[in-house]
1. Going by average Cβ density within 10 Å per residue, which order do the peptides A:26-35, B:209-218 take, highest to lowest?
2. Based on DSSP H runs of at least 4 residues, each adding -39500 (n - 2.57), what is the mean residue ellipticity at 222 nm of the protein assembly as shown after dividing by all its residues, to the nearest 500 deg cm²/dmol?
3. Please work out the FRET efficiency for the pair B:ALA423 and B:GLU197, using the Cβ-Cβ distance as r and a Förster radius of 51 Å; give the result to the nearest 0.05.
4. Amide H of A:GLY345 versus every other amide H placed in the peptide plane: which residues, excluding those fewer than 5 positions away on the same chain, fall under 5 Å?
5. Taking every DSSP beta bridge that has both residues in the protein assembly as shown, what percent is antiparallel when rounded to the nearest 5?
6. D for segment B:125-203, whole µm²/s, Stokes-Einstein with Kirkwood Rh over alpha-carbon pairs at 37 °C and 0.692 mPa s: what number?
7. What is the set of long-range amide H partners of B:ILE177 at a cut-off below 5 Å, with H atoms built 1.01 Å from backbone N?
8. Looking at segment A:56-301, what % of the alpha carbon pairs are farther apart than 23 Å?
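Only the coordinates and a few stated rules stand behind these numbers; no lab work does. The shown structure was predicted, so the numbers you read here are calculated from the model rather than taken from an experiment. FYI the Cβ positions are ideal-geometry reconstructions off the backbone, even for glycines, and counts take in every protein chain you see.
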There are 2 protein chains.
Amino acid sequence: MPVGTNAETTSTLAETARRDYRELVDAGLSFDLTRGKPSPEQLDLAAGLQELPGAGRPTAADGTDCRNYGGLQGLPEMRALFADFLQVPVEQLLAAGNSSLELMHDCLVHALLSVLPGAESRWAGQERIAFLCPVPGYDRHFSLCARFGIEMIPVAMTANGPDMSEVERLVAEDPAIKGIWCVPKYSNPDGTCYSDETVRRLAGMRTAAPDFRIFWDNAYAVHHLTDERVEIADLLAACAEAGNPDRAFVFGSTSKITWAGAGVAFFGSSPANRDWLLANNSKRSIGPDKVNQLRHVLFLEDADGVRAHMDRHRALLQPKFEAVLRIFDEELGGTGLAEWTSPKGGYFISLRVPDGCAKEVVRLAGEAGIALTPAGATHPHGVDPDDAVIRIAPSYPGRQELEQAIRGLTTCVRLAGYEKRLAG
Amino acid sequence: MPVGTNAETTSTLAETARRDYRELVDAGLSFDLTRGKPSPEQLDLAAGLQELPGAGRPTAADGTDCRNYGGLQGLPEMRALFADFLQVPVEQLLAAGNSSLELMHDCLVHALLSVLPGAESRWAGQERIAFLCPVPGYDRHFSLCARFGIEMIPVAMTANGPDMSEVERLVAEDPAIKGIWCVPKYSNPDGTCYSDETVRRLAGMRTAAPDFRIFWDNAYAVHHLTDERVEIADLLAACAEAGNPDRAFVFGSTSKITWAGAGVAFFGSSPANRDWLLANNSKRSIGPDKVNQLRHVLFLEDADGVRAHMDRHRALLQPKFEAVLRIFDEELGGTGLAEWTSPKGGYFISLRVPDGCAKEVVRLAGEAGIALTPAGATHPHGVDPDDAVIRIAPSYPGRQELEQAIRGLTTCVRLAGYEKRLAG
């Protein structure tokens, strides 16, 4: 076949994409890739929880009756089990309910309505409160800001975490900037791991706000997809060392270790912040569900138990991630239409399509029965200024469904991309 | 023995009380009657939870995988199980985490930071927010007000609930009064049940605040101690009928049905309030622990199951309450030193000692190793202006310990009471 002009080639490619897309629509698929949900098979890995704590009064190592009121900080053995993974000394770690998002929400509430250690006043009533939002990032962090009227200032992500020069410049000059959202390991959605240098600079930077907080959502601390098992630097220790001991709020959970809806969430910080949260929590609750915490300890047993369990997740997840990457390579490799991440852990692959095409790709996919996270969800207020980032969540569907959905998605990328080229 | 003067008699009685108190201190007791905690034997009644949900994927009736994210309103079958008991239509009921106190806290937070249906603005930033506090009442309600800077206006309790003439007068004239705390059945600590007339007047009264809310903490909805099984009027229905559909927030939980620390809490209200809470909760959480809700449904089965379970609680609690009342009668009857309630349900007996004596009684008991709820805890800011009310929580100790503790308490009442008479 003779090589035509570039326009002719694109025209041909677009025509093929149109035909493929019609076939895709005709296939009548119905797949959901919207959220980072574990698959039923992953949840089955924790089936051991279903008959725990088992017979006999559910009693903690210190004799606490887990069924009764009390124990605001959570079960010591549950905190001990995750202290190292979350890089928080056990006495500074809280084990709470089933959602770390709740803990983040409540930290914002308490900062708004009470006075944070180091703060001059509570945040409610201040004219302007702003958070730095590394983008692309996690939509639920942004929703929390939106819900409380907190201004969101986007900062670009790099291969080593947020653009630290920009972060340092902004926090140094603006006292209204009270925090930054971070997913430091296998970030949502790019899979980025913060470098030691990034952690050091976050801990040590000068902030105009005396009550600046790093919301360190270490959601994927043990969620490796390769043999590398990436380690990140210890933020709490770095903050203490830099003379900013109260700067970090660390969050984590077993939502993607045991059960997404019935796990255990964690908060870790300095002694002052721990006491502040406990004091506020003590008005709200008479203690978390300690039976569920005991159930988790009995099931996971110890750090090796957690690691072995995460290896079983990896065995289910890694082939799905590989399938997505293989199909992207087969269908989009060399087209110049897309770039994508190859994460070493976490729950997402980030797909970058030509500027101005992400919404169109998601729309096309939706009309073909493939539900994707809305384009823009990775940015504050749901607006990606480039309209280029699409978050792929490979975990939930079965292998075959996933492959069909991803192949369908690549058709949508080709269609939107070539149409744009033709139009441009 | 010749009858002496009144002064001599009191002197003799005081001397006897002093001697008895010295013996009490020498006995070196160590008992805790501070909180309304279920006993281990009561918690054992729910031992069936310990191996539930059992084998097989934990799946709701509608096919929902209880282990995964989602289901913000809670499991339909769990809501159906408690809808009638809490007098809330199932579609207007939420099943949540392990604590109704959390739900009350969060309703205050959302009212402070968002705008309630019917409100002109959010409460944060308003110069003054006040709540009516029927006294004696529940200390944790008052702590929530104190924590958020909400002014507390005490209103006297009567045999039928709060003094409604006073309530009506206050809410009609003061737009800063945004709410009232109510424990409508077997109230904490008096065991009062609100009359139908009280419910009707609460639902229908004119309030200066357009966003006035009744915080209806129906904590003891099924917690009967007699055959009477008291029923109260349906507040939600009464509010709707009176043209104030959004006035009531209903709370409840299984904390004193199954496990105090690992139960399920409920919120019920009008469709507008339900949607308001769900919208706010949707930013905070991806759903409650549905596995625990399923566990509860499998264990309690149906309304008859709940009733039968509560009968088993009654079999453990009623003898303890009877023992307290018998000892009060034996030791304090006819002394003119004390009055007490004989509740038909709930968790408390309220003991009224001579004005100015409650703190002294609690202090004396504490020094004799009998820990009681601090005097004043039944009033805002921990200040009982009469210094007369002591809350007795008979549920937790074993029968023999309880009897020893209560007998010791009566010694403290005699000592403080007769000393006061001598001094006066």
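1. B:209-218, A:26-35
2. Numbers: 26 runs with 354 residues, N = 848.
Mean residue ellipticity, 222 nm, calculated: -13500 deg cm²/dmol.
3. With a Förster radius of 51 Å, E is 0.75.
4. When sequence neighbours closer than 5 places are left aside, the close amide H contacts are A:LEU225.
5. On the way: 34 of 74 bridges.
Roughly 45 percent of the DSSP beta bridges within the protein assembly as shown come out antiparallel.
6. 257
7. Sorted by chain and number, the residues that satisfy this are B:ALA130.
8. Details: 14428 of 30135 pairs.
Of the Cα pairs, 48 percent sit more than 23 Å apart.
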